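Just below is one structure, and these are the notes that go with it.
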Amino acid sequence: MVGGAAEGARKGKIKLGRDVLLYALSTLAQTCAALVAFIGALGLYRLQSIRGNIHEMYRNLRGLLASVGKAEWRPEVLAILPDRKVREIANQVIAHPENPQQEQIQDSLREEVGRRETLGRDLRRTQRLVIVFGGLNLMAILISLLGFNFFSYLEESLLFSVLYGILAFLVVLVVVAMVFELTGSLPDKLTCHKAGQVFLEWLQREYRGSKQSEKGGE
C-alpha cells in the first residue's frame, strides 16, 4: 500500500489506499444510517408533541363553546363532533356572535384558532424536514454502496477526497440545524466543548491507528 502511494506521488497523483477507501465508504454509510435513526427519533417526538398540543387546543375549543350554554353545544354533543366541525363553529362565533355570552369568548376562541394554524404549520414543516433529511441520507448511503464498485477510479481520484471532506462537513452542519429545528434550542457551550473534546480524541485515535497500519504494511 505504501509503495503504491509513493509511486503515485512520483507520478504526480494522489492514490488512496484500499483500506482507507473501504473505511471511508463504510463509515459514510454507517454514519448516515445512524443519523437517520437519531433525527427520525427526534422528528417523531416533535410530531407527537405537536399533535398533543393540537388535541389540547380542540379540547379547549369544546370547553369554551360548551360554556355558552347553547343546547346544541352541550359537552356530550361537542365531544362526538369532528375536530373540523368544532373549528367551523368556533370561526362562526368569532365572525358573527349571536349574544353577549358568545362575545365574551370571542378573544379566547380567536387565540385557540390562531394557535391551531401555528401548530399546523409546525406539523407540516417538521414532516417535510424529516422526509428531506431521510431522503438525502439514504441517497448518501446509496452513493457509498455504489462506490464499492468503482475502487480503481476512486483510489486515484483527488476529487473524491475533496468531496468526501466537504460532505462530512455538510453533514455536521445539517445535523446541527436539524437538532435546532426539532428541539428549538442549540446545545449549550459546555455540551459543545465536551463534544469537541470527544471529536478530537477520536481523530487522535484514528491518526494513531492509521500510522500503526502504515508501519505494519511496511
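The values are calculated or read from the model by the stated rules, or taken from the named source; none is laboratory data. It should be emphasised that the depicted structure is a prediction, and the values quoted were computed from it without experimental measurement. Cβ: placed from backbone, ideal geometry, glycine included. Neighbour counts: every protein chain shown.
Checking each residue in the range 124-151 for being in contact (Cβ under 8 Å) with a residue 60 or more places away in the chain, within 18 Å of PHE180 (Cβ to Cβ) and out of contact with any Cys (no Cβ under 9 Å at 6 or more places or on another chain) picks out THR126, GLN127, LEU129, VAL130, PHE133, GLY134. Among residues that are loosely packed, with under 15 Cβ neighbours inside 10 Å, at negative phi and β-branched (Val, Ile, Thr), VAL132 is included.
When the range 90-120 is filtered for residues that are more than 14 Å from MET57 (Cβ to Cβ), part of a helix (DSSP H, G or I) and of a type in the set (A, V, I, L, M, F, W, C), the ones remaining, listed by number, are VAL93, ILE94, ALA95. Do you know which of the residues in the range 48-76 that are of a type in the set (A, V, I, L, M, F, W, C) and more than 14 Å from ARG116 (Cα to Cα) is modelled with the lowest pLDDT? Ranking the qualifying residues of the range 48-76, first place goes to ALA71.
Would it be correct to say that PHE160 is touching a residue at least 40 places away in the same chain (Cβ under 8 Å) and farther than 18 Å from LEU182 by Cα? Yes, satisfied. Here GLN102 does not qualify as in contact with a Pro (Cβ under 8 Å, 6 or more places away or on another chain) and under 26 Å from HIS55 (Cβ atoms).
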